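A short write-up of the structure that comes next.
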Amino acid sequence: MSSAKRARTGENNLTATEAKEVIDSLNLGIVCLDRDARVLCLNPPVPNLLHRPDEDLQGKVFWDLLPDGLGERFSAAFRSALDTNAPVRFEAHYPAPSTRRLDCRFFSTSRGVTLTLEDVTERNRVEEELRFIENIYRFHFSYSNDVIYSYDNDFRVLSVSPNVERILGYRPEEIIGRYFPELNILYRRDIKRASSDALFVLSGSTVRTSVYRFIAKDGTMRYGDTSGLPLMRDGRVAGVISVARDITERKKAEAVIRESEEKYRLVVKNANEGITVIQDGVLCFVNPKICELLGHAEEDLIGKPVAPFIHPDDRELVMGRHARRMKGESIPEVYPFRVVDRQGTIRWLEINAVRVAWEGRPATLNFLTDVSERVRAEQDRKKFEEQLAQSQKIEALGSFAGGIAHGLNNFIYPVIINTELLLEDAAPGSREQEILQQTLSAACRQRDLVRQILFFSRRSGPNPSPVQVAPLLDETISFLRSSIPSTIEIRKSIHAPWDTVMGDASQIQQIIMNLCRNAADAMVAQQGVIEIRLENTRLKTLEGHPELKPGRFLLLSVRDDGCGMTGEVMMHIFEPFFTTKEVGKGSGMGLPAVHGIVKSHGGAITVRSQTGRGALFSVYLPVHGNRDRGKASPRNAGKSK
């Protein structure tokens, strides 16, 4: 019956020929065995699977056809299927000519057993490779910090890697199939941004990478560096596949570093020391304190050479040591030097420098302390010690000179008296009168010199009484004008409401005369200006004169524009008999006498001078009483006898 006729009559059973055609076309070996396991029939794939020709198989006991070791296993399976009427299945390795893996199945039939043989060698190899790859991925996702997950367009989770349990505490089955919004695993402040990023990826535009905060099952927060790709299906975006890398430990480390950096920043910013990093002679880093010390803003210092900020006299020392330190040489780490700030003020800094690496290259880290006050204190102490030594020296010389002067007085006054008596008896114009007159003049000069020595030694102390200095100054200048060359101009300035001092008028006049004569002698070619000022001032302290008590003083200053003095000369000008004048032109007692008189009046004298720029002598005398001048006079009973 034809297939068309069977279709019209409703008969769908296959004929034996059709069934055989179907069986022969299968890629599955089929062997029909009788109850004695003899081969009744087989399809074409069987000879290929067993590597035996068809004629060698027909009518034979099947397990006799098999290699050693397989017959017993096939015999046991055959008996089990026949006796239990239940299918039996196992896989066998068939060795010839190359090892194949056969999936063997035994089915009981009315005539015996039907055996099917399927070559599963390739399938098993693929499955083993897949299992191997699966194991690798399982191992990777179990121990890595990368969680892979996917979700569809409705934000329903499709898959998640097993390591999510280790990182967030959720088992995969607790997440898969649920919608992201109901999971509550995203930190609430990140939900809006995460939703925006997800929609961006779902648009298929590009990959988006962001860091989100995830909430673990135990409530702790984890940071995930997340990236996503569109998940394509049938040419359209069906969802997103994402990888979230756990960077919590990195974030914690970054927070610790930031906290540490903030602490160091606060320390450096608020340090009372200037801190700099110098590389190749250029400032690479400065803190606020160094900006304060130099008077420049940070942007005016960074990238600038350090040398111009160093005092010219110290520049070679500092830069030389910096270069040697950069070479690794051993040099002093701590030493002082000077810098010049923006206003031109000189500051003393003490540097403590060490060699460091800055941005991968050698540099020096420098700590700078302002020691200007300490240096000034040391300089003041040294100057005070020098002044004290000088004062003690002058005191000793004064005592010595005073003793000599008193001894000379005992000789000079008899000479003067007797010479004056002899002059009364000498004939006018005679040779004897001339000699006696010369003798009397010489004795009087010696008497004046002894008087100055006594002033210096303060042994001829004043007979103190109130003295008005302003009128006395006018009188003295009038007297001096005739003895000082007319080519020297004398300028006077008096601004002293309180001009009364307690002292001796003649000795105060001696101060004025000696200072003015000294100024005139300093004039080059006997030309120049002498400025004399009288004014009031208040003093709390006077450098180099701690003995002065605070109060109101009368300041007498004499300034000249003469040749000036060196520092070495100024150290000796108040010593008796010290002079820079030619032999025979000065006794060396003018300024020592001034020094002695000023000291005896409870005052002080200072001098400032530079070579070629003149000199300024300043005399400070304590003011006596008030502004009422009626109780004092330019001349008083305090004259020296």
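The values are calculated or read from the model by the stated rules, or taken from the named source; none is laboratory data. If you're wondering where the values come from, they're calculated on a predicted model, not measured in any experiment. Here the Cβ positions follow ideal geometry from the backbone for every residue, glycine too, while neighbour counts run over all protein chains shown. The protein model used for the area step is the full one, side chains on, heavy atoms only, and it has no ligands, DNA or RNA in it. Shrake-Rupley method; radii C 1.70, N 1.55, O 1.52, S 1.80 Å.
Go through segment 350-366 and give me each residue that's over 14 Å from the mean Cα position of the chain (by Cα) and assigned to a strand (DSSP E or B).
Scanning segment 350-366 gives 350, 361, 362.
Just to check your reading of the model, which residue among 239, 219, 204 is touching a Leu at 6+ places or on another chain (Cβ under 9 Å) and small (Gly, Ala, Ser)? Walk me through how you get there before you give the answer.
Values: 219 fails: touching a Leu at 6+ places or on another chain (Cβ under 9 Å); 204 fails: touching a Leu at 6+ places or on another chain (Cβ under 9 Å).
The unique qualifying residue is 239.
Are any residues in segment 356-384 of a type outside the set (A, V, I, L, M, F, W, C) and surrounded by 14 or more Cβ atoms within 10 Å (Cβ to Cβ), and if so, which ones? Steps first, answer last, please.
If we filter segment 356-384 for residues that are of a type outside the set (A, V, I, L, M, F, W, C), which is where we start, we get 359-362, 364, 366, 369-370, 372-374, 376, 378-383.
Selection gives 362, 364, 366, 369, 370, 372.
Please determine, by comparing only the residues of segment 168-182 that are part of a helix (DSSP H, G or I) and at pLDDT 90 or above, which one is nearest to residue 238 (Cα to Cα). Working first, answer last.
As a first pass, look at segment 168-182 and keep what is part of a helix (DSSP H, G or I): 168, 172-175, 180-182.
Remaining after also requiring at pLDDT 90 or above: 168, 172-175.
Numbers: 168: 26, 172: 21, 173: 21, 174: 22, 175: 19 Å.
Per the criteria, the residue is 175.
Being in a helix (DSSP H, G or I) and not charged (D, E, K, R) is the filter; apply it to segment 195-223 and report the residue that is most open to solvent (accessible area, probe 1.4 Å).
Result: 199.
Does residue 190 meet the test of being at pLDDT 90 or above and open to solvent by less than 50 Å² (accessible area, probe 1.4 Å)? Full working, then the answer.
On the way: at pLDDT 90 or above: yes; open to solvent by less than 50 Å² (accessible area, probe 1.4 Å): yes.
When the stated conditions are applied, residue 190 passes them.
A quick yes/no check of all residues on (1) touching a Gly at 6+ places or on another chain (Cβ under 9 Å); (2) surrounded by 21 or more Cβ atoms within 10 Å (Cβ to Cβ); (3) assigned to a loop (DSSP other than H, G, I, E, B):
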residue: 512; (1), (2), (3): no, yes, no
residue: 517; (1), (2), (3): yes, no, no
residue: 520; (1), (2), (3): yes, no, no
residue: 533; (1), (2), (3): no, no, no
residue: 537; (1), (2), (3): no, no, no
residue: 543; (1), (2), (3): no, no, yes
residue: 548; (1), (2), (3): yes, no, yes
residue: 565; (1), (2), (3): no, yes, yes
residue: 568; (1), (2), (3): no, no, no
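Among the residues of segment 158-174, write down those that are free of Cβ contacts under 8 Å to residues at least 60 places away in the same chain and buried (at least 19 other Cβ atoms within 10 Å of the Cβ). Write out each step before concluding.
Our first condition is that a residue be free of Cβ contacts under 8 Å to residues at least 60 places away in the same chain; within segment 158-174, this holds for 159-166, 168-174.
160, 161, 163, 164, 168 - these are the residues of segment 158-174 that are free of Cβ contacts under 8 Å to residues at least 60 places away in the same chain and buried (at least 19 other Cβ atoms within 10 Å of the Cβ).
Quick check on residue 329: is it farther than 19 Å from residue 355 by Cβ and either open to solvent by 40 Å² or more (accessible area, probe 1.4 Å) or assigned to a loop (DSSP other than H, G, I, E, B) (or both)? Talk me through it step by step, then tell me what you get.
Working: farther than 19 Å from residue 355 by Cβ: no; either open to solvent by 40 Å² or more (accessible area, probe 1.4 Å) or assigned to a loop (DSSP other than H, G, I, E, B) (or both): yes.
Answer is no for this residue.
Scan segment 306-344 residue by residue and report those that are touching a residue at least 24 places away in the same chain (Cβ under 8 Å) and over 22 Å from residue 284 (Cα atoms).
313, 343
Condition check: over 22 Å from residue 494 (Cα atoms), touching a residue at least 24 places away in the same chain (Cβ under 8 Å) and of a type in the set (A, V, I, L, M, F, W, C). Does residue 573 satisfy that?
Numbers: over 22 Å from residue 494 (Cα atoms): yes; touching a residue at least 24 places away in the same chain (Cβ under 8 Å): yes; of a type in the set (A, V, I, L, M, F, W, C): yes.
Yes: the conditions hold for residue 573.
Can you pull out the strands (runs of 3 or more DSSP E) entirely within segment 224-311 that have at least 2 residues that are farther than 29 Å from residue 156 by Cα and at pLDDT 85 or above? Give the steps one after another, and end with the answer.
Details: elements: 236-246, 274-279, 282-286.
So the answer is 274-279, 282-286.
Scan segment 602-624 and report the pairs whose first residue is on the phi > 0 side of the Ramachandran plot and whose second residue is part of a strand (DSSP E or B), with Cβ atoms within less than 7 Å and a gap of 6+ or a chain change.
602/622; 614/559; 614/560
Please specify each residue of segment 469-499 satisfying the condition of being closer than 21 Å to residue 604 by Cβ and more than 60 Å from the chain's Cα centre (by Cα).
Once the filter is applied, which keeps residues that are closer than 21 Å to residue 604 by Cβ and more than 60 Å from the chain's Cα centre (by Cα), segment 469-499 yields 469, 470, 472, 473, 476.
Being part of a helix (DSSP H, G or I), open to solvent by less than 70 Å² (accessible area, probe 1.4 Å) and modelled with pLDDT of 90 or more, is that true of even one residue in segment 8-18?
Initially, segment 8-18 is screened for residues part of a helix (DSSP H, G or I), giving 8-9, 16-18.
Now drop any that are not open to solvent by less than 70 Å² (accessible area, probe 1.4 Å), which leaves 18.
Keeping just the survivors that are modelled with pLDDT of 90 or more gives none.
No, there is no match, as no residue in segment 8-18 is part of a helix (DSSP H, G or I), open to solvent by less than 70 Å² (accessible area, probe 1.4 Å) and modelled with pLDDT of 90 or more.
Give the number of residues within segment 490-510 that are open to solvent by 20 Å² or more (accessible area, probe 1.4 Å) and part of a helix (DSSP H, G or I). Steps first, answer last, please.
Initially, segment 490-510 is screened for residues open to solvent by 20 Å² or more (accessible area, probe 1.4 Å), giving 490-495, 497-498, 502, 506, 509-510.
Those still in the list that are part of a helix (DSSP H, G or I) too: 506, 509-510.
Going through segment 490-510 one residue at a time, the tally reaches 3.
Can you pull out every residue in segment 49-77 that is open to solvent by 60 Å² or more (accessible area, probe 1.4 Å) and either within 11 Å of residue 31 (Cβ to Cβ) or among the aromatic types (Phe, Trp, Tyr) (or both)?
58, 60
Looking only at segment 28-48, how many residues end up being surrounded by 17 or more Cβ atoms within 10 Å (Cβ to Cβ), part of a strand (DSSP E or B) and touching a Phe, Trp or Tyr at 6+ places or on another chain (Cβ under 8 Å)?
The total comes to 3.
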